[in-house]
Amino acid sequence: MSNGILTLVYDIPAMDMISAGEASSNVKKKLKQLGVNPLIVKKVSISMYEAEMNAVIHANGGSATVNIGTDEIVIIIEDRGPGIENIDLAMKEGYSTASDEVRQMGFGAGMGLPNIKKNSDSLNIESEIGKGTRLEIAIKFTS
Amino acid sequence: MTTYYHSVTLDDSKCKGCTNCIKKCPTEAIRVRKGKARITNERCIDCGECIRVCPYHAKKAITDKMEALGGYQYKIALPAPTLYGQFPSRYDRKAILGALKAQGFDEVFEVARGAEIVTEAVKKILMKRDCPKPLISSACPAVVRFIQVRFPALIDNLVKIDSPMEVSAMLARKRAAEQTGIRKDDIGVFFISPCAAKATSVKTSYERYSSNVNGVLSMADIYLGIVRDMESKKYDKVLIQAGIEGLRWAGSGGESLSLQAESYLSVDGIHNVAKILEDIENEKLGDIEFVEALSCTGGCLGGPLTVENGFVAAARLRKHLEQSRYMERAEKRMDYSEVDLVWQKKIEHKPVLKLDENLQEALRKMGELESINDKLPGLDCGACGAPSCRALAEDIVRGKSHETDCIFKLREKVRDLAIQMMELEGKMPPVMDDSSNGEEDLKK
């Protein structure tokens, strides 16, 4: 912890459906303890859960770094996945490049990124084909 | 600040200060201090997990005694449908209700009748377009309080309609006053309860300015009297009125079946409930229309103030359900307004888990909590009196505990001290030191 910012780091394991979602659930618990407005907590947990699951299912796992300050929370999810070819397309509801196999598991409906966007104040995506994707999600505490 | 009244309390003389209850509490409300369990009242949701798990029966629910009936001219018993599952199958519902009445009441009004009315009211909410999804049942007061403490974002999803107990009490009093001419204040309405949480609902209501119920009697307390009178046939049979829709509220899934919701989920056991509420909060259950969440395993049939094992009670209730399958709903007379059923008070978030009022200070405490937690052994042994290492770390940052309350930390400190002592013991003041290296050095 430095400059009044609390940093939490989580490992996101690939294709591990047992522990999938643990990082976002843990962050949610902490925000409640910090006394953050319940509606903000909800936005954080929904968007972080989506991003976390993306990393688990589509992107070979990765890590989550969460910075909690007094006015906002910034969640950075970095994965080791295939990267996103066209970010603008990926932001469209219903657009997905997921394989049939992934869809059969109930994922890949193309709602993840739009849902993160909807629940956050800013979303920044950097992606490199063959290397991975970095999502930076910011949610303000006052709104 | 007024102190929050709630039902679950400790019998100091029976408590051995073990760790069974602190481990089971879903809100981490219990700590062991000076050899006795201490409940933080504001955190307690009266689920009764501690009552169930305590091997010494040191946890109890405060309920009213039979003497409370004395203050009223006309007394009405309000049995929860769970009561029917408490007795061997040879007793039918008429006998059970008759023997209940014989315990000193003038009238018996089945709470299952209120449950039928609530069922209809909830059906109407489900049909509304702006109904939150999923709608969460408020039938279990422990679950409602759990949401207030741990899942405040879900307050909007709760059914804000009076409980079957309140509706039944309202109608029973109103009709008794009309029929007998006795003043409403002279009519005593007593709920026969399977749980502690209901007793709290009557004394400290979250939904009404004051409860329609005058007292709550424990099912376990009244049980023997009923059995005795049934055995000796000392009762007049009472007309049964409630149908299956109301009766099956006693068990897990019963309310949902009566509602005939398109898609529903029923969950019981407070720790299972926590997982489902977590999922709802993460918007993972948007395809579910109605969630019935009950704190006790098996629903109210598994309540801490029941006598019969919940699974046995469920089997016994089945017979009563079967017999009432073709009975019509008791309440066809709408001599009440639907508005009367809506909660009077807005229920609020109880932020008792918050580390500090000030976010910056809370963040600092959270950082400290993390670093303390990292240094604790992680065994969650409970020997410090807190349910887990993390809970101890939390108590430390709240200024309620010390690091040395952990026996492993204490041992570590003692060992460090012993090593330091040994080192110091080896050191000799030069005037007493006969190995006197210094002098030899000088000779060279």
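Any read-out appearing in this document is the output of simple, stated calculations on the displayed coordinates, not a laboratory observation. Predicted model only: the values in this text are computed from it and were never measured. We place every Cβ from the backbone using ideal geometry, glycine too, and count neighbours over all the protein chains shown.
Values as computed for the structure displayed
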quantity	calculated
Convex hull projection area averaged over all views, the protein assembly as shown, Cα basis, nm²	39.1 nm²
Sorted by Cβ density within 10 Å, fewest first, the residues B:LYS319, B:LYS36	B:LYS319, B:LYS36
Stokes-Einstein D for segment B:54-139, Kirkwood Rh over Cα pairs, 10 °C, 1.306 mPa s (µm²/s)	97 µm²/s
Principal axis dimensions, largest first and in whole angstrom, of chain B by Cα	117, 54, 40
Fraction in percent of alpha-carbon pairs per bin - 5 Å, segment B:123-220	2, 12, 20, 19, 17, 14, 9, 5, 2, 0
For chain B: relative contact order, % (alpha-carbon pairs under 8 angstrom, 6 or more apart)	20 percent
Gyration tensor verdict on segment B:109-162 (Cα atoms; rounded if a/c is under 1.5, prolate if a/b is larger than b/c, oblate otherwise)	oblate
For segment B:92-138, alpha-carbon Rg over 2.2 N^0.38 Å	1.76
Approximate spin-label separation B:ARG398-A:ARG134, in nm, with each point projected 7 Å along Cα-to-Cβ	3.9 nm
Surface/4 estimate of mean projected area, convex hull on alpha-carbon atoms of segment B:341-437, nm²	11.7 nm²
Vicinal HN-Hα couplings computed from phi for segment B:212-225 (Karplus, 6.51 cos²θ - 1.76 cosθ + 1.60; Hz; Gly/Pro x)	6, 9, 8, x, 10, 10, 6, 4, 5, 5, 8, 3, 4, x
Amide H partners (placed H, <5 Å) of B:GLY243, local residues excluded	B:ALA330
Stokes-Einstein translational diffusion, segment B:194-296 - Kirkwood Rh over all Cα pairs, 0.692 mPa s, 37 °C, in µm²/s	194 µm²/s
Which listed pairs, of A:LYS117/B:LYS400; B:LYS14/B:LYS345; B:LYS123/B:LYS275; B:LYS184/B:LYS346, have C-alpha distances above 31 Å, in listed order	A:LYS117/B:LYS400; B:LYS14/B:LYS345
Averaged over A:41-54, number of beta-carbon atoms from partner chains that fall within 10 Å	2
Likely footprinting exposure, A:HIS58, B:HIS57, B:HIS320, fewest C-beta neighbours within 10 Å first	B:HIS57, A:HIS58, B:HIS320
Prolate/oblate/rounded call for segment B:171-230, Cα gyration tensor, a/c under 1.5 rounded	oblate
Shape category assigned to segment A:1-127 from the gyration tensor of Cα positions, a/c cut at 1.5	prolate
Taking the C-alpha atoms of segment B:251-338, convex hull volume expressed per residue in Å³	145 Å³
Order of B:LYS60, B:LYS413 under a 10 Å beta carbon neighbour criterion, fewest first	B:LYS413, B:LYS60
Square roots of 5 times each gyration tensor eigenvalue, C-alpha, segment A:23-96, largest first, Å	25, 14, 11
Helix-only CD estimate at 222 nm, as mean residue ellipticity for chain B, using -39500 (n - 2.57) per DSSP H run (n ≥ 4)	-11500 deg cm²/dmol
Peptide ranges B:266-279, B:63-76 listed from the most packed, as the mean C-beta count within 10 angstrom indicates	B:266-279, B:63-76
